[in-house]
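Q: Here it is: the structure, laid out below.
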Amino acid sequence: MARPEVRELGQGRRLLDLDFRDTEGLVAAYLLPEADGWSLIETGPSTCREALLAGVDAAGVARDEIRHVFVTHIHLDHAGGVGALLEALPRATFYAHELGVPHLIDPTKLIASARRAWGAAADPLWGPILPVPAPRIVALRGGETFPLRGGELSVLATPGHAKHHLSYFDSAIRGMFTGDSAGVRLERSDHLRPAVPPPDLDLDLLFSSLEAMRRADPRLVLFSHFGPSPDGSRDLARYRGVVERWRDAALAAARENPDPSFVARRLAELDAVDLAQGPATDRESLVSGYELAARGFLRYFETRGLIGAAPP
Ligand SMILES: [Zn+2]
């Protein structure tokens, strides 16, 4: 594992690089100071547990000072590590959307869907997905606030990418932690990659969630994939258009051939020639692949009657 990267974001807020897939700049977590203790946003998967804890140590934060751990949603690259951190963060309470909490308490369905989506690669990629005892986890629905040093953390319900997605707004730095609700934007790249996976992708909700985040007027947008954007409010404004171009290309492709690999190839082709954006990078596929996006759109089109039944 590489030396943990900890980056100061202002007012004591810190970014931790979780070194997902032994690659820097893919999955981030954030440490936010409270009056007496720390909040953590995102845990990453349990394969990132050691990198996360090394980052906490390197940030000079005692593990038992972490009191609140917020996840944006329960997809494994964001919250797969929750259950594996219970002992290492003994005084932390964990928080997720109320629709996600039951699956963190009993991860049977999370494990089954990881195996379905990733096959034999699931275990080395995600590591163990351990249950969280109910007393350690609290359900959120949006609208809650938590005190931070210099401000407060507000919870926004931002469904679309998943129906249980939350974003978090830190008033002290006017920073919006978007999880996957505003797509993927890796550092040193101007390219936005849609994060549109199955099973509950909903584009109307996704677009209204983007509006809700814009209304908060963030000065900083902090992606889980990855880091603070140099022009985050512009990213929030342009993400809708990027998703709409992908949607249109995916629908045209699906009507020609509703095979996920075929649709995925069309999305990759579009990405290569989409001059409204900077160039795509291969690294984006490590956190948001074309095949997953194709499956997300196919299911979305199918459940809305826009195409015939897609293959399972
Ligand atoms: Zn993600």
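The values are calculated or read from the model by the stated rules, or taken from the named source; none is laboratory data. Not measured: the values here are computed from a predicted model. When we count neighbours, we look across all protein chains shown, and the Cβ atoms used for this are built from the backbone with ideal geometry, even at glycine. Areas reflect the complete protein model, heavy atoms only, side chains present, ligands, DNA and RNA absent. Shrake-Rupley method; radii C 1.70, N 1.55, O 1.52, S 1.80 Å.
Q: Only bridges with both residues in the stretch 19-170 count here: give the DSSP antiparallel percent, nearest 5.
A: Here the antiparallel bridges make up roughly 55 percent for the stretch 19-170.
Q: Which whole-number percent is the relative contact order of the chain (Cα, under 8 Å, 6+ apart)?
A: 14 percent
Q: How large, in Å, is the stretch 118-201 by the Kirkwood hydrodynamic radius built from its alpha-carbon pairs?
A: Evaluated over the stretch 118-201, this radius sits at 15.5 Å.
Q: Calculate one ³J(HN,Hα) per residue across the stretch 254-265 by plugging θ = phi - 60° into the Karplus curve 6.51 cos²θ - 1.76 cosθ + 1.60, and present them in order as whole Hz with x for glycine and proline.
A: 5, 6, 7, 7, x, 9, x, 5, 5, 5, 4, 5
Q: Hey, if you put +1 on the Cβ of every Lys and Arg and -1 on every Asp and Glu Cβ in the stretch 73-216, which of His164, Ala195, Leu125 ends up farthest toward the positive end of that dipole?
A: Positive-most Cα among the choices belongs to Leu125.
Q: Here's a follow-up. Taking every Cα atom in the stretch 66-122, find the radius of gyration and the maximum pairwise distance Dmax, and write them in Å.
A: When restricted to the Cα atoms of the stretch 66-122, Rg and Dmax are 11.9, 35 Å.
Q: If you look at just the Cα atoms of the stretch 1-88, how large are its Rg and its Dmax in Å?
A: 11.7, 34
Q: At 0.36 nm per residue, and after removing the present C-alpha to C-alpha distance, how many nm does the segment from Ala62 to Ala252 gain when stretched out fully?
A: 63.1 nm
Q: If you take the square roots of the eigenvalues of the alpha-carbon gyration tensor of the stretch 80-154 and sort them as a ≥ b ≥ c, do you get rounded (a/c under 1.5), prolate (a/b over b/c) or oblate?
A: prolate
Q: For the stretch 184-199 and the stretch 203-256, what is the separation of their C-alpha centers, rounded to whole Å?
A: 9 Å
Q: Same structure again: Where the accessible area of the stretch 182-312 is counted over protein heavy atoms with a 1.4 Å probe, how much of it, in %, is carbon and sulfur?
A: 52 percent
Q: To check you understand DSSP bridge types, tell me what percent of the beta bridges within the chain (both residues inside) are antiparallel, rounded to 5.
A: 65 percent
Q: If you don't mind, another one. Keeping every protein chain present and rolling a 1.4 Å probe, give me the accessible area per residue for the chain in Å².
A: Accessible area per residue, the chain: 41 Å².
Q: Can you give me the long-range amide H partners of Val184? Hydrogens built in the peptide plane at 1.01 Å from N, cutoff under 5 Å, separation of 5 or more residues or another chain.
A: Long-range HN contacts for Val184: Arg193, Ala195.
Q: At what distance in angstrom do the alpha carbon centres of the stretch 105-129 and the stretch 41-104 lie from each other?
A: 17 Å
Q: Then there's this: With +1 on each Lys and Arg Cβ and -1 on each Asp and Glu Cβ, how big is the dipole of the chain about its Cα centre, in debye rounded to the nearest 20?
A: It works out to roughly 400 debye.
Q: Let me check against my output: what whole-number percent is the relative contact order of the stretch 1-118, with C-alpha pairs under 8 Å and at least 6 apart?
A: 19 percent
Q: Then there's this: Got a number for carbon plus sulfur as a percent of the stretch 1-78's accessible area, 1.4 Å probe?
A: Ligands and nucleic acids excluded, carbon and sulfur reach 43 percent.
Q: With a/c under 1.5 counting as rounded, go ahead and sort the chain into rounded, prolate or oblate using the C-alpha gyration tensor (a ≥ b ≥ c being the square roots of the eigenvalues; past the cut-off, prolate if a/b is larger than b/c, else oblate).
A: Cα axes put the chain in the prolate bin.
Q: List every residue whose amide H lies under 5 Å from the amide H of Leu148, counting only residues 5 or more places away in sequence or on a different chain, with H placed 1.01 Å from N in the peptide plane.
A: Leu153
Q: Test of understanding: express the Cα radius of gyration of the stretch 208-312 as a ratio to 2.2 N^0.38 Å, with N the residue count.
A: Against the empirical 2.2 N^0.38 Å value, I get 1.17 for the stretch 208-312.
Q: Related question: Would you mind telling me the share, in percent, of accessible area of the stretch 86-159 contributed by carbon and sulfur at probe 1.4 angstrom?
A: Solvent-exposed carbon and sulfur of the stretch 86-159 make up 59 percent of the total.
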